[in-house]
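What follows is a short report on a single structure.
The values are calculated or read from the model by the stated rules, or taken from the named source; none is laboratory data. Being a predicted model, the structure only gives us computed values, none of them experimental. Here the Cβ positions follow ideal geometry from the backbone for every residue, glycine too, while neighbour counts run over all protein chains shown. Side chains included, ligands, DNA and RNA excluded: accessible areas come from the protein's heavy atoms. Shrake-Rupley method; radii C 1.70, N 1.55, O 1.52, S 1.80 Å.
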Amino acid sequence: MVLGPGEARHLHVLRLRAGDEVRVFDGQGHEARAILAELDEARAVLTLGEPVSGAAETPFPLTLGAALLKGDKLADVVRAATELGVAQVQLLVTARADVRDIGPQKLKRLNRVAQEASKQSRRAVVPPVLAPVPLAAFQPAGQVLVAQPGAAARVAEVVAWHAPLTVITGPEGGLTDAEVAALSARGAHTVTLGPRILRAETAPVALLGAIAALGL
């Protein structure tokens, strides 16, 4: 198995040498041991070994529906969401979003962030970051939780993870009452993230962290 310059640089940063054992994965959940046979600036040559069980994934797929945010905030959200086990990130266009779309290069970069975060967190799955869709057109899978200030329910009180789970967070200024009402009419549960108002890039991490803390 031959890896290109990007992966070779990564192995150099880790100070690996010929003869060291590494693990490789295909981004789809398959992982195997490998021996680093050769390493230089241009490439790395690996000898594949036995398949191994990858890092534990969630019992059912977890999707994050995240509103578009300004600047580089989405990269931080994607990185943390990957570390916390999401199966995919669906970007959403919402009423109060300051950003209405992102270009193909930024979407490509966000997917690269997810790939790097998967390596760092030793996941065998790379969650795709999907191009933005309007919130009204989003078809979330399974049980749906919506982070909403002032909601009565806590995450632990409503999560019933016997099927896919989708969590939705809004932009700066939050989702509108009409957006929340439309999601609730489709069966979504609104949940609180505590008494404080969180920034738009903090809310997804807090919500996913609350789910991860349940040990599901």
Test of understanding: among 69, 91, 64, which residue is surrounded by 22 or more Cβ atoms within 10 Å (Cβ to Cβ), in a strand (DSSP E or B) and touching a residue at least 60 places away in the same chain (Cβ under 8 Å)? 64
Answer with yes or no whether residue 212 is assigned to a helix (DSSP H, G or I), closer than 24 Å to residue 73 by Cβ, among the small types (Gly, Ala, Ser) and within 17 Å of the chain's Cα centre (by Cα). yes
Given the criteria of a type outside the set (Phe, Trp, Tyr) and closer than 14 Å to residue 94 by Cβ, does residue 137 qualify? yes
Step by step: first the residues of segment 107-133, then only those that are among the polar types (S, T, N, Q) and at pLDDT below 90, then the one that is most open to solvent (accessible area, probe 1.4 Å). Which residue is that? 120
With respect to residue 204, is the statement that it is touching a residue at least 40 places away in the same chain (Cβ under 8 Å), of a type outside the set (Asp, Glu), more than 14 Å from residue 143 (Cβ to Cβ) and part of a helix (DSSP H, G or I) true? yes
Give 181, 185, 153, 160 a once-over and let me know the one that is touching a residue at least 24 places away in the same chain (Cβ under 8 Å) and hydrophobic (A, V, I, L, M, F, W, C). 153
Looking at (1) in contact with a strand residue (DSSP E or B) (Cβ under 7 Å, 6 or more places away or on another chain); (2) surrounded by fewer than 21 Cβ atoms within 10 Å (Cβ to Cβ), can you tell me which one residue 156 breaks? (1)
In segment 107-122, anything of a type outside the set (Ser, Thr, Tyr) and more than 11 Å from the chain's Cα centre (by Cα) is listed as 107, 108, 109, 112, 116, 119, 120, 122
Only unsatisfied item for residue 198, checking (1) buried (at least 19 other Cβ atoms within 10 Å of the Cβ); (2) in a loop (DSSP other than H, G, I, E, B), is (1)
Is it the case that residue 104 is closer than 24 Å to residue 188 by Cα, open to solvent by 40 Å² or more (accessible area, probe 1.4 Å) and over 16 Å from the mean Cα position of the chain (by Cα)? no
Any residue at all in segment 186-194 that is within 18 Å of the chain's Cα centre (by Cα) and under 23 Å from residue 73 (Cα atoms)? no
